[in-house]
Amino acid sequence: MLSLKRGSVLILLTRKLFGKKVVLLDITETGLLVVTGPFSINGISLRRVNFKYTISSGAIINLKKINSSVLNDEYFETLKKSKSKNFQFKNYNYVLSHRIRQNYVDKYIIDCLKNNFFLRAYLKTSLPSFSTL
């Protein structure tokens, strides 16, 4: 976990997302990693992942201008609660703000990848799933 830095490209090892490449945005206080695909490239949205289920590849993207301080555990817990029917606020506002945040992060990462065709192609690829192994 010490070698993980903002902008590192990671490979996910969870069953659902096995072999997908993601970009590390931040590390939360509980030790979970905040990652994104970006969604427009490989279909992985902003999410938290346990570092035990990742492998670090050598690639790094420069993410100095992204403010990821709002992407903390409280944000993701509120987003999770907003999907339940008993949530007291309007669910639509939280989901909409999450989608706006996702689009902003995706746009910034894609702008960083415009000059690096090979890294963009690398993020699109994935390893074979468990069922084909």
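Details
Okay, residues lined up against (1) surrounded by 16 or more Cβ atoms within 10 Å (Cβ to Cβ); (2) modelled with pLDDT under 85; (3) of a type in the set (V, I, T):
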residue: I11; (1), (2), (3): yes, no, yes
residue: D26; (1), (2), (3): yes, no, no
residue: V35; (1), (2), (3): yes, no, yes
residue: Y75; (1), (2), (3): yes, yes, no
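- Flag if G58 is more than 15 Å from K5 (Cα to Cα) and either touching a Pro at 6+ places or on another chain (Cβ under 8 Å) or part of a strand (DSSP E or B) (or both): no
- In the range 100-118, the residues that are more than 15 Å from K21 (Cβ to Cβ) form Cβ pairs under 7 Å with partners that are in a helix (DSSP H, G or I), at six or more places apart or across chains, as follows: Q102/F39.
- Looking across the range 37-55 at every residue that is small (G, A, S) and either in contact with a Leu (Cβ under 8 Å, 6 or more places away or on another chain) or part of a loop (DSSP other than H, G, I, E, B) (or both), the one that is surrounded by the fewest Cβ atoms within 10 Å (Cβ to Cβ) is identified as G43.
The values are calculated or read from the model by the stated rules, or taken from the named source; none is laboratory data. This one's a predicted model, so the numbers in the text were calculated from it and none came from an experiment. All Cβ positions, glycine included, derive from the backbone under ideal geometry; neighbour counts span all protein chains shown.
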